[in-house]
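*Asks:* Sending over a structure as structure tokens; questions will come in a sec.
The values are calculated or read from the model by the stated rules, or taken from the named source; none is laboratory data. In this text, all values refer to a predicted model and were calculated from it rather than measured experimentally. Cβ placement follows ideal geometry from the backbone for every residue including glycine, while neighbour counts extend to all protein chains displayed.
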Amino acid sequence: MSASGEDAGKAADDLRAVAEVPPGLRCPACGSSHVAQVLGDNGGVSSVCTACGRSWS
């Protein structure tokens with residue numbers, strides 16, 4: 001079974017929407033969007049770039 005052209009177009013639009021990363025979730029050092037957010041002991045949130053290892057809050 002194959003998807004119609006309209007269904008395939010909608011699926012592609014959905015994938016592009018998921019792929020967009022908010023600017024605050026890009027690494028300030030290397031620009032990568034491979035960023036993990038971690039909860040600290042005091043309740044704060046820090047970000048860690050999984051591409052280069054840089055961390056920031």
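*Asks:* Given the conditions (1) within 14 Å of the chain's Cα centre (by Cα); (2) modelled with pLDDT of 90 or more, report the number of the one that residue 20 does not fulfil.
*Replies:* So the condition that residue 20 fails would be (2).
Results for (1) surrounded by 10 or more Cβ atoms within 10 Å (Cβ to Cβ); (2) at pLDDT 70 or above; (3) part of a helix (DSSP H, G or I), shown as yes or no for each residue.
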{"position": "3", "(1), (2), (3)": "yes, no, no"}
{"position": "9", "(1), (2), (3)": "yes, no, yes"}
{"position": "42", "(1), (2), (3)": "no, yes, no"}
{"position": "51", "(1), (2), (3)": "yes, yes, no"}
